[in-house]
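I have placed the structure first, in the form of structure tokens, so that the comments after it can refer back to it.
The values are calculated or read from the model by the stated rules, or taken from the named source; none is laboratory data. Quick caveat: nothing in here was measured; it's all calculated off a predicted structure. Reconstructed Cβ throughout: ideal geometry from the backbone, glycine too, with neighbour counts over all protein chains shown.
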Amino acid sequence: MSFPYSVKTAIKTVYIASSSKFVDDCKKLEEWLFEKYEVEVTRPWWRHYFKEYEKYKAMSDQEFYSDTKVQLVPVLDFKGVDDADLVIILVKDRYKLTGALIEMGYALAKGKPVIVFGKMKRSAMAGQCIHVQGGYDELEQVLELIIHE
């Protein structure tokens, strides 16, 4: 298995980027990472995301973008990426991601290793990512190759 760049590193923290449509998958991945590697997730956004979902869904665009909590999301998410040793983009069925792509680009610009876990729509911008499409068995093989204690 070859990687687009050298990623052998100590991994203690991970940021998981995805869509709100895959919250259950994010929870499962977080649990799996902790059980298997004792890796902590830097910002488990899915634990808080749905508390006010209906409120935000009913807002106009102007209300949504001027909301203080909404404006904090990129600040907190970028800090989650900054604090992580590895970023995992979780995607299913080539779903078109939005915010997760911004987080992926931010992580790559910061020199962080990025794993795309699942099948995403093709993007040349993801060319420097490690692509894992074979499920948890393949993810485990990749992590065993890149994690260095």
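All conditions in (1) of a type outside the set (S, T, N, Q); (2) closer than 21 Å to residue 23 by Cα; (3) modelled with pLDDT of 90 or more; (4) in a helix (DSSP H, G or I) hold for residue 53, with the sole exception of (3). Cβ separations smaller than 8 Å between residues 6+ apart or across chains give the following pairs from segment 117-128 residues that are aromatic (Phe, Trp, Tyr) to residues that are modelled with pLDDT of 90 or more and in a strand (DSSP E or B): 117/88; 117/89; 117/90; 117/132.
Reported count of residues in segment 58-99, each being basic (Lys, Arg) and either modelled with pLDDT of 85 or more or farther than 28 Å from residue 121 by Cβ (or both), is 3. State all residues of segment 31-65 that are in contact with a helix residue (DSSP H, G or I) (Cβ under 8 Å, 6 or more places away or on another chain) and small (Gly, Ala, Ser); if no residue qualifies, say none. Across segment 31-65, there are no qualifying residues.
In this structure, does residue 14 turn out to be under 16 Å from residue 113 (Cβ atoms), modelled with pLDDT of 85 or more and more than 13 Å from the chain's Cα centre (by Cα)? Judged against the criteria, residue 14 is not a match. For residue 112, the conditions (1) in a helix (DSSP H, G or I); (2) out of contact with any Ser or Thr (no Cβ under 6 Å at 6 or more places or on another chain); (3) surrounded by 14 or more Cβ atoms within 10 Å (Cβ to Cβ) all hold with the exception of (1).
Do you know which residues across segment 85-113 are within 26 Å of residue 10 (Cβ to Cβ) and either in contact with a Cys (Cβ under 8 Å, 6 or more places away or on another chain) or among the aromatic types (Phe, Trp, Tyr) (or both)? 89, 90, 104, 106, 108 - these are the residues of segment 85-113 that are within 26 Å of residue 10 (Cβ to Cβ) and either in contact with a Cys (Cβ under 8 Å, 6 or more places away or on another chain) or among the aromatic types (Phe, Trp, Tyr) (or both). Of the candidates 53, 65, 136, the single residue that is loosely packed, with under 15 Cβ neighbours inside 10 Å, under 16 Å from residue 25 (Cα atoms) and among the aromatic types (Phe, Trp, Tyr) is 136.
Of the residues making up segment 23-45, just one is within 11 Å of the chain's Cα centre (by Cα) and either loosely packed, with under 14 Cβ neighbours inside 10 Å or modelled with pLDDT under 90 (or both), namely 45.
Selection of segment 83-111 for residues being free of Cβ contacts under 8 Å to residues at least 40 places away in the same chain and not β-branched (Val, Ile, Thr) yields 93, 94, 96, 101, 105, 106, 108, 109, 110, 111.
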